[in-house]
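Peer 1: Next up is a structure, given as structure tokens.
The values are calculated or read from the model by the stated rules, or taken from the named source; none is laboratory data. All of these numbers come straight from a predicted model, not from anything done at the bench. Note that each Cβ is placed from the backbone with ideal geometry, even for glycine, and that neighbours are counted across all protein chains shown. With ligands, DNA and RNA removed, areas are computed over all heavy atoms of the protein, side chains included. Shrake-Rupley method; radii C 1.70, N 1.55, O 1.52, S 1.80 Å.
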Amino acid sequence: MKIPIKNLFYLLCYSWDVLDPGQVAEVGKVEAPDLENLMAAVITGPLERLLRRGLERDYQEKREDATCIRGRIDFQETAKRVLRRRGAAHVVFDELSPDTLANRILKATINVLLRFDTLDPKNRDELAGLYRGLREVSDARVLGDSFYRVRLHRNNQDYRLLLSICEMIHRYALPQERGHGMRFVDFDEGQMWKVFQQFVTNLYRKKQSLYRVNPDSFPWLVSRSPDVKHFTLPVLRTDIVLTSPVSRIVIDTKFFEEPFDRRYGVTVRPGHLNQMFAYMQNLAASDDRRRQVNGVILYAAVSGEFQQDWTLFGHNLRVAGVDLSNDWRQIEKSLLSIIGINSPASH
């Protein structure tokens, strides 16, 4: 499924839960023909602001030969190199430095983007200038666990969005087959189903206040259990449940190239329908407050929106598709309309 590149960053920011109105406005102006230029365009603005305010600094261990004592003396190194004959000693001390793990990741990411042959000259010049601005930061190789070792706290929250972009770049950028330049591997259903699910979850959390938004898990309604249990029934785990004092909406998000089964006309996929019916029935049975339980099977689409409603055993079922090729404002409006909300109300 081909999502327009200008919308991809918007989805990812919501999925990372780092989106703010300023970032949406910036992304809306970006007309990038490919992922590398989009990533270059969206990373430059936040990084320029970070450099103007000043990079994160932390105390780093430094070692040097010195004639003036500072910190502590490494006597073993001093004796091994016979530094006393020169009136010097090998000292170890802590120094406040921008050479932190977070800044090393930023510098390494710029270096990755600069290796793309298809990078726009304007983006290349801006990235090269930012790279020079990180000259006090050492070059380092970014490993899979590097992002998890960065400590984010109140004083370095500006790094959250930047590091999320960096993680995406390092995860999906690969060297060309001959080792010259870089390329991005395509996003496919293996990555995007989770992005879509998290995008919908966080958008509903931010853009409405009528419902609480969380996944949920609950057991099957069982009227009789075996006397001796050799195995058990699986727990039902939903993608999203919207909860209000009077009603609940179960949402199951789907990311498929073709949403419908077309073997015998155009029908909802049986597995998707059966799954949602099980959710609605068992969620209603487990609710002591006997609230109305409805369901939405929500598909990602790129060729037009669709929506159709049924009533099944007292539950309202909506099968809908949100068109991810639309402007991001229309995407927000459509997702809110699907759950019966006509105007955004951020909270």
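Peer 1: Would you mind telling me which residue in 146, 225, 244 has the biggest mean-square fluctuation in a Gaussian network model of the chain, where springs connect alpha carbons within a distance under 10 angstrom?
Peer 2: Per the Cα network of the chain with a 10 Å cutoff, 225 tops the list.
Peer 1: Hey, can you find the accessible area per residue of the chain for me, probe 1.4 Å, expressed in square angstrom?
Peer 2: Computed with neighbouring chains in place, this is 57 Å² per residue.
Peer 1: How much accessible surface area, in Å² rounded to 10, belongs to the heavy atoms of residue 170 with a 1.4 Å probe?
Peer 2: 50
Peer 1: Please give me, ordered by residue number, the trypsin sites (Lys or Arg not before Pro) of the range 47-101 that lie in loop per DSSP and have at most 16 other Cβ atoms within 10 Å.
Peer 2: When the trypsin sites (Lys or Arg not before Pro) of the range 47-101 are filtered for loop state and at most 16 Cβ neighbours within 10 Å, 57, 70, 81 remain.
Peer 1: Restrict the search to the range 290-323; then list the chymotrypsin sites (Phe, Trp or Tyr not before Pro) that DSSP places in a loop and that have at most 16 other Cβ atoms within 10 Å of their Cβ.
Peer 2: 313
Peer 1: Charges at C-beta only: +1 for Lys and Arg, -1 for Asp and Glu. How large is the resulting dipole of the chain about its Cα centre, in Debye rounded to 20?
Peer 2: Taking the Cα centre of the chain as origin, the dipole is about 960 debye.
Peer 1: Using heavy-atom solvent-accessible surface (probe 1.4 Å) with all chains present, what is the largest-first order of 97, 209?
Peer 2: 209, 97
Peer 1: Which of (1) 33, 22, 19; (2) 50, 26, 19; (3) 36, 27, 18 is the computed semi-axes √(5λ) of the Cα gyration tensor in Å for the structure on display?
Peer 2: (2)
Peer 1: I've got another one for you. When the accessible area of the chain is split by element with a 1.4 Å probe, what percent falls to carbon and sulfur?
Peer 2: The value for the chain is 48 percent carbon and sulfur by accessible area.
Peer 1: Note down, for the range 222-347, the three equivalent ellipsoid semi-axes (square root of 5 times each alpha carbon gyration tensor eigenvalue), biggest first, whole angstrom.
Peer 2: Taking √(5λ) for each eigenvalue gives 29, 20, 13 Å, largest first.
Peer 1: Pairs of Cα atoms under 8 Å, at least six residues apart: use those to get the relative contact order of the range 240-292, whole percent.
Peer 2: Result for the range 240-292 is 33 percent.
Peer 1: Still on this structure, please answer the following. Compute the distance from the alpha-carbon center of the range 287-346 to that of the range 58-100, in whole Å.
Peer 2: 64
Peer 1: Please arrange 254, 122 by accessible surface area, largest first, computed with a 1.4 Å probe and ligands excluded.
Peer 2: 122, 254
Peer 1: Also, I was wondering about something else. Expressed as a rounded percentage, what relative contact order does the chain have, with Cα pairs under 8 Å and six or more residues apart?
Peer 2: Relative contact order comes out at 14 percent.
Peer 1: Related question: DSSP loop (so not H, G, I, E, B), at most 11 other Cβ within 10 Å: list which trypsin sites (Lys or Arg not before Pro) in the range 267-347 pass both filters.
Peer 2: Here the trypsin sites (Lys or Arg not before Pro) that fit, given the DSSP loop and packing criteria, are 289, 290.
Peer 1: Among 253, 162, 67, which residue has its Cα furthest toward the positive end of the charge dipole of the chain, with +1 on Lys/Arg Cβ and -1 on Asp/Glu Cβ?
Peer 2: Sorting the options by dipole projection puts first 67.
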